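In what follows, a single structure is set out as structure tokens and then discussed.
The values are calculated or read from the model by the stated rules, or taken from the named source; none is laboratory data. As the structure is a computational prediction, the values presented were derived from the model and not from experiment. Glycine gets a Cβ as well: all are built from the backbone with ideal geometry, and neighbour counts include every protein chain shown.
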Amino acid sequence: MKKIFSPIYLTALLLTFVLTSCEKVIEFDGDETESYMVMISKPESDTPWKVRLTESRFFLYGDTIATIKDASVSIEVNGRTLNSNITNHGNGMYDLGYTPQQGDSLTLHVTTPNKGTMMAGCRIPHKPIISQASCTYDTTHYTEYYPDTVQSINGDITVKLTLEDPAEETNYYMLRMRMPSINYNYTTESYDTIWRYTHINVNDNVLFDMDATNELFDIGSQDYYGTQILFTDERINGQTHTITFNTSIYGLEAGHPLVEVFSISRDRYLYEKSLQAAGEQDMFINLISEPVQIHSNVTGGLGILGGSAVTKIKID
Amino acid sequence: MKKELILLLLLVVATGAWAQHTVSGTITDAKTGETLIGATVYDTISRKGAATNQHGRFTLTLKESSAVLRISYVGYETQYHPIELDKNQRLDVALKGSVTLNEVVITGERVQHVESSQVSRIELPVEQVKAVPVIFGETDVIKVVQLLPGVQSGSEGMSGMYVRGGGPDENLFLLDGVPMYNVNHLGGFFSAFNSDAVKNISLYKGSFPAHFSSRLSSVLDITTNNGNDKEYHGGVGIGLISAKFNVEGPIIKEKTTFSISGRRTYGDALLQPVLALVTAAEGMGEEKINAGYYFYDLNAKITHKFNDRSRLYASYYMGDDALYARYRYNYNSIEKDYMRLGYNWGNIVGSLRWNYELTPKLFMNITGAYTRYRNDLSLSEESVYRNYTETYTMGFKSGIQDATVRADFDYAPTPDHAVKFGGQFLHHIFTPETSNLKISENDAGDPYNYDTIIGQSIVHANEMMLYAEDDWRINDWLKINAGLNFTGFQVQSTFYPSLQPRLSGRILINDRLSAKVGYAYMTQYLHLLSNTSLSLPTDLWVPVTARIKPMTSQQVAAGFFYNLLDIMDLSVEGYYKHMDNLLEYRDGASFWGTSQGWENKVCMGRGWAYGVEFLAQKNIGALTGWLGYTWSHTDRKFDREGNILNGGRTFPAKYDRRHDVSLVLSYKFNDHIDASVSWVFSSGNTATLAMQNIDPSEEPTERYDYDYYYNNDVPYVSSRNNFRMPNYHRMDVSVNFHKKLRRGQRTINVSIYNVYNHQNPYMVYVNSEWSYRTNNQVLTLKQLSIFPILPSISYNWKF
């Protein structure tokens, strides 16, 4: 009897009554449920160009995402249609038979029997100029549990990069860092090295207003913390700027970090930013904040064709 | 600007030289002595007229040597006063109330509706407001205003107002001429205006006269009762959720009056026995819990009449919402716990006004006012164990305070000119957020103290305003109201000036039909940061900054006004409004209890709204009410560099609705029974819904059918406000049973909200359930409704 008067029971009973008596399913039909073609392609200089083609899924359908296996794909490079050797892998992946170069203008056309045509264009930027790079370690090694060749490591790594920003146009950058990680492979019964993206924390009051939120989206810490850091040259245009960032590491050591600095197209920048913002919204925030729109530059469909050029630095 | 003002004044002075004699005075209710606002004084010989101002005063200057003045007001018997104009005359008239339908009553009504130069203005009789059925039987001024064409409510049950495509912070709520910031109780389910204290309600949706400024979309001008100057009257009322009272009467007969009214909810009092029961049932004898929520408001007014030319008004409003919880645990003499939570938010509005008739043609009103909105949260906890004591106190404050000085002058130099001019100085103090934290520990005489205050600094801002306007009757068929309003806003080191022209005109086609047109330029210097459709105390008022520019709007409205067979007023109005520097929140933006870095969370852009409004209103006779219909369209576009939303494409505003219909009917069967019914229909609100999911992976990833929650899918929003909720419609009915008692009259009100129990959408959400039949996750979009059929009853007694 006591339990019946428990505040939790009473509240739950009241809420159940209120919510269930006032709920109704909204039905959808027709065009609203139709899927769109989705193109995800991030061509990079000096790397074979490929695209993944899928279909979007109506939000109330619980199925998996469908891939487009029967698309007719063509590419244009610097305004000329290229008869390249396009390979359809049958799982939505298409190798486009061309390796983009810095400064290339690319256009991708996709036609399917059922969904019509979509197209997008982008330019491959020039590689960012990194004039200096250095790294300091504040780590501790442990050897008690592993053979001599594999050590356990714990601590922080701080990296300094000096970036030379060209002045003529707005540049968009993406910063990533990979650490080699040793995993035990049960199939081969040996240790493998995997290059994992690691979370990095940029401490830079010039690039980021550390007290303010993102200018594009209201997501706070992601500007300077995450597996990929996106920034523009708005505050360093035409200057030489040294970026300092650090990462915490733990686990089995295999070597030194690999830093990747990308120059990316504006559409790619907006796309990655919006993906980050959408990822940070949780269920509660969704209720009280504006939803995030994923940026797209695809006409006739969704997704991104966003070019990049990368400078990779392995730091000892 | 200076030149224009001087020219206007010269024009006024020059035209004044032609004037001959002036009749001035005050029109009051014969029974109560209350001044009547908007009563008409009309000379049947010269066919010139005037209307009483906010203080019930009129001035009419005539060239003729004699006049027959017809004094009329809706619901009152018309009086005729022949006068000889050999000198300036004073004429104070007390009108008797009338319930009968007669010609003279109708004339007064028609004069206002057809002859006024004002477009986009609606007068709402208070008695009709009280008759409209509303939720829990609690009469609510704003909920009734929401039933007028051009005004939309936000979500169901909310007191938010969206006027002609504007936002909820673009409405100026004036209580006895003083701005009020938070006009809601209980998250917006009830408004802060107690209808028992209200005398007059005027809504301006556009074509604003020059004496109004500082909001883009509407002015809701509410005047409270002065109090009966002849005898004492009052009443009490008890409803399902609240009780109220009002008392009024003379302090010095026909000289000094008072009026006090109050209201308080008693849900917290009813909760106490339940909490006691729960505490006892749970065997929590050593623990004491006390929690609850209530709101109250109190209106008080004292009016003193020094003489026929001079009056003083002191008004005071205080309203608070309070949420509280206390917990005490006395385990024994050496172990104790105490916790206290208090959350209070509300307004104080105080004003002192002095009316003085400088000359029969020149009337002055000086106002000094203070208004404050505050939002205080405090949490404290104390723990004692033997010699160890720990105290923890946390507080959060935000708010806004205004101190205002204002001078208004009414000048009637000739029968054809009614000039208003004046100025205002307003000092704002914004307290966006201040938090404090205090911790103290004492461990057997070893103390530790921590005390800190965090938050944004207080922001001071000054707002000044000068205006001049002339209601000019050019000839028998053409009348214009032309004015200029100049405002300046100074915040930090930035000053924003704004010159705002206003113009409206009326062409009298015949005695029953007029065409009107109006233009208004408005500037607004304040923004309300809010995240939800609920009106929460965490919503914050912030000023414009060096980066966030003032919002502006330009609105053109035009329409026809017709009096049908002396029983009904009909109007049809069209409007187009262009708004600039509007704010919208960036993708992902949240203001949940914080204004930190708010400038980074908003974008500035443009908006426009257009529509057509139809109103048929009947304010006299046994059957009264109105039928309103609005067709409207409201869009936003944010395409400026650094302020791009929705890819720079146009999107519908959050409360863009195509159709709004409202029907309100009240019928008086006899002296014992009257009833009313209201029906509303509106197109569904918009919402932003991610209708598609995409997989942003560059390479195929391994997935499993049951792995719905752990895949890479990302919701894809095609456009802001891309989804329209189902249509909204609802019918409410209300019946009053009156009975004369030996002393006074009692009224029992029975009302039913949402009579046919229509499930109206409040919000939509995605529901996910596992289906054991199909062995997969089934997703549905569900709408949540919050108010099913709700009957209520209340008891009122008046003496």
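Table: residues versus (1) under 30 Å from A:Asn297 (Cα atoms); (2) of a type outside the set (Asp, Glu); (3) more than 8 Å from every other protein chain (Cβ to nearest Cβ); (4) touching a helix residue (DSSP H, G or I) at 6+ places or on another chain (Cβ under 6 Å).
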position	(1), (2), (3), (4)
B:His729	no, yes, yes, no
B:Asp732	no, no, yes, no
B:Leu741	no, yes, yes, no
B:Ile748	no, yes, yes, no
B:Ile752	no, yes, yes, no
B:Val755	no, yes, yes, no
B:Gln759	no, yes, no, no
B:Thr774	no, yes, yes, no
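Looking at A:Asn185, A:Asn214, A:Asn171, just one residue is within 14 Å of another protein chain (Cβ to nearest Cβ) and either under 21 Å from the mean Cα position of the chain (by Cα) or modelled with pLDDT under 85 (or both), and that residue is A:Asn214. Please work out if B:Thr634 is buried (at least 22 other Cβ atoms within 10 Å of the Cβ), assigned to a strand (DSSP E or B) and of a type in the set (Val, Ile, Thr). In short, yes. Whether any residue in the range B:304-318 is among the hydrophobic types (A, V, I, L, M, F, W, C), under 21 Å from the mean Cα position of the chain (by Cα) and closer than 17 Å to B:Val198 by Cβ is what I want to check. Among the residues of the range B:304-318, at least one is among the hydrophobic types (A, V, I, L, M, F, W, C), under 21 Å from the mean Cα position of the chain (by Cα) and closer than 17 Å to B:Val198 by Cβ, which makes the answer yes.
More than 22 Å from the chain's Cα centre (by Cα) and either not in a strand (DSSP E or B) or not assigned by TED's automatic domain parsing to the domain that holds B:Ser792 (or both) - does that describe any residue in the range B:186-202? Quick ask: steps written out before the conclusion?
Taking the range B:186-202 as the starting set, the residues that turn out to be more than 22 Å from the chain's Cα centre (by Cα) are none.
Looking through the range B:186-202, none of the residues is more than 22 Å from the chain's Cα centre (by Cα) and either not in a strand (DSSP E or B) or not assigned by TED's automatic domain parsing to the domain that holds B:Ser792 (or both).
So if I check each of B:Asn563, B:Asn600, which one is free of Cβ contacts under 8 Å to residues at least 40 places away in the same chain, more than 19 Å from B:Tyr162 (Cβ to Cβ) and either outside any strand (DSSP E or B) or touching an Asp or Glu at 6+ places or on another chain (Cβ under 9 Å) (or both)? When all the criteria are applied, what remains is B:Asn600. Applying the condition of being part of a loop (DSSP other than H, G, I, E, B) and under 17 Å from A:Ala120 (Cα atoms) to the range A:69-85 and asking which residue is farthest from the other protein chains (Cβ to nearest Cβ) yields A:Gly79.
Look at (1) farther than 30 Å from B:Asn721 by Cα; (2) surrounded by 21 or more Cβ atoms within 10 Å (Cβ to Cβ); (3) of a type outside the set (S, T, N, Q) and you find that B:Met522 fails only one, number (1). When the residues of the range B:673-703 are filtered to those that are of a type in the set (D, E, K, R) and within 14 Å of another protein chain (Cβ to nearest Cβ), the one that is nearest to B:Val717 (Cα to Cα) is B:Asp695. Among the residues of the range A:1-27, those that are in a loop (DSSP other than H, G, I, E, B) and either modelled with pLDDT under 55 or facing chain B (nearest Cβ under 7 Å) (or both) comprise A:Met1, A:Lys2, A:Ser6, A:Cys22. Looking only at residues in the range A:237-255 that are over 21 Å from A:Glu272 (Cα atoms) and of a type in the set (A, V, I, L, M, F, W, C), the one that is modelled with the highest pLDDT is A:Ile249. Taken over the range B:604-621, residues that are free of Cβ contacts under 8 Å to residues at least 60 places away in the same chain, surrounded by fewer than 21 Cβ atoms within 10 Å (Cβ to Cβ) and more than 24 Å from the chain's Cα centre (by Cα) amount to 2. Close Cβ contacts (under 6 Å, 6 or more residues apart or on different chains) running from residues in the range B:320-339 that are in the same structural domain as B:Met180 (by TED's automatic domain parsing) to residues that are assigned to a strand (DSSP E or B) and among the charged types (D, E, K, R) comprise B:Arg326/B:Arg340; B:Arg328/B:Lys288; B:Tyr329/B:Glu287; B:Tyr329/B:Asp337; B:Asn330/B:Lys336; B:Tyr338/B:Arg328; B:Tyr338/B:Glu382; B:Met339/B:Glu381.
Collect the residues in the range B:504-530 that are aliphatic (A, V, I, L, M) and either over 27 Å from the mean Cα position of the chain (by Cα) or farther than 15 Å from B:Ser116 by Cβ (or both), keeping them in residue-number order. Talk me through it step by step, then tell me what you get.
Residues of the range B:504-530 aliphatic (A, V, I, L, M): B:507-509, B:513, B:515, B:517, B:520, B:522, B:526, B:528-529.
Scanning the range B:504-530 gives B:Ile507, B:Leu508, B:Ile509, B:Leu513, B:Ala515, B:Ala520, B:Met522, B:Leu526, B:Leu528, B:Leu529.
One line per residue, one yes/no per condition, for (1) at pLDDT 95 or above; (2) polar (S, T, N, Q); (3) outside any strand (DSSP E or B):
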{"residue": "A:Val51", "(1), (2), (3)": "yes, no, no"}
{"residue": "A:Gly62", "(1), (2), (3)": "no, no, yes"}
{"residue": "A:Leu108", "(1), (2), (3)": "yes, no, no"}
{"residue": "A:Ser134", "(1), (2), (3)": "no, yes, no"}
{"residue": "A:His141", "(1), (2), (3)": "no, no, no"}
{"residue": "A:Tyr146", "(1), (2), (3)": "no, no, yes"}
{"residue": "A:Val150", "(1), (2), (3)": "no, no, yes"}
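Selection of the range B:747-793 for residues being under 24 Å from B:Ala687 (Cβ atoms), outside any strand (DSSP E or B) and of a type in the set (A, V, I, L, M) yields only B:Ile786. When the range A:267-292 is filtered for residues that are over 17 Å from A:Ile229 (Cβ atoms) and at pLDDT 90 or above, only A:Asp267 remains. Of the residues contained in the range B:626-640, one or more are found to be among the aliphatic types (A, V, I, L, M), closer than 28 Å to B:Ala616 by Cα and in the same structural domain as B:Glu127 (by TED's automatic domain parsing). Checked against the criterion of being of a type in the set (A, V, I, L, M, F, W, C), outside any strand (DSSP E or B) and touching a residue at least 24 places away in the same chain (Cβ under 8 Å), the candidates B:Ala210, B:Ala291, B:Ala300, B:Ala276 yield just one match: B:Ala210.
Within the range B:698-718, how many residues turn out to be at pLDDT 80 or above and either at positive phi or buried (at least 16 other Cβ atoms within 10 Å of the Cβ) (or both)? First the steps, then the outcome.
Narrowing the range B:698-718 to residues at pLDDT 80 or above: B:698-699, B:713-718.
This time we only want the ones that are either at positive phi or buried (at least 16 other Cβ atoms within 10 Å of the Cβ) (or both), so: B:713-718.
Qualifying residue count for the region: 6.
Out of everything in the range A:38-68 that is under 14 Å from A:Met118 (Cα atoms) and more than 7 Å from chain B (Cβ to nearest Cβ), what residue ends up being nearest to the chain's Cα centre (by Cα)? It comes out as A:Ser41.
I'm trying to understand the selection: among the residues of the range A:38-49, which are in a loop (DSSP other than H, G, I, E, B) and touching a Pro at 6+ places or on another chain (Cβ under 7 Å)?
The first filter runs over the range A:38-49 and keeps only residues in a loop (DSSP other than H, G, I, E, B), leaving A:42-43, A:45-49.
A:Pro43, A:Ser45, A:Trp49, listed by residue number.
In the set (1) in contact with a strand residue (DSSP E or B) (Cβ under 6 Å, 6 or more places away or on another chain); (2) surrounded by 14 or more Cβ atoms within 10 Å (Cβ to Cβ); (3) within 11 Å of chain A (Cβ to nearest Cβ), the condition left unmet by B:Ser785 is number (1). On the stretch given as the range B:213-251, residues that are under 15 Å from the mean Cα position of the chain (by Cα) and either part of a strand (DSSP E or B) or not polar (S, T, N, Q) (or both) total 9.
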